[in-house]
Amino acid sequence: MSDSVPDATVGDETVEVEPVQEPEYDPAAPAPLNVPRTPTGNADVDAQLERLGDADHLATDGHLEVYEDVHRGLRDALTALDARPGPPAPSPSYDQRAPSPSYGTRS
């Protein structure tokens, strides 16, 4: 009998049993963070949030590239929102006229 491989007895025979290999713990191995990403309703922003999921499958040194790419995409999406024309400004109302200068000087 050897110390490295246990033996098992089946009937009258001795059978060698392979030891079960425990997976080694690698603290640097990629592991998903499982952070929920709630849709915002803006397709450009939602696409960038989904891109963050790519970092789950990369080693830590690969995260920077993903984060910079997402940051660039979010900045572009916000810039695009600023560039869109908004609703027209309301026209001035007659009720909100400035008082005439003669009202301020009483004798």
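Measuring from label point to label point, each 7 Å out along Cα→Cβ, what is the Leu81 to Glu68 span in nm?
Placing both labels 7 Å beyond Cα along the Cβ direction yields 2.5 nm.
If a/c stays under 1.5 just call it rounded; otherwise compare a/b with b/c (prolate if a/b is bigger, oblate if not). Do that for region 42-91, with a ≥ b ≥ c from the square roots of the Cα gyration tensor eigenvalues. Walk me through the numbers on the way to the answer.
On the way: a/c = 6.56, a/b = 3.35, b/c = 1.96.
Judged from the Cα gyration tensor, region 42-91 comes out prolate (a/c at least 1.5, a/b above b/c).
Rule-based calculations on the coordinates, nothing more; no lab input. Predicted model only: the values in this text are computed from it and were never measured. A quick note on method: Cβ atoms are made from the backbone with ideal geometry, for glycine too, and the neighbour counts reach across all protein chains shown.
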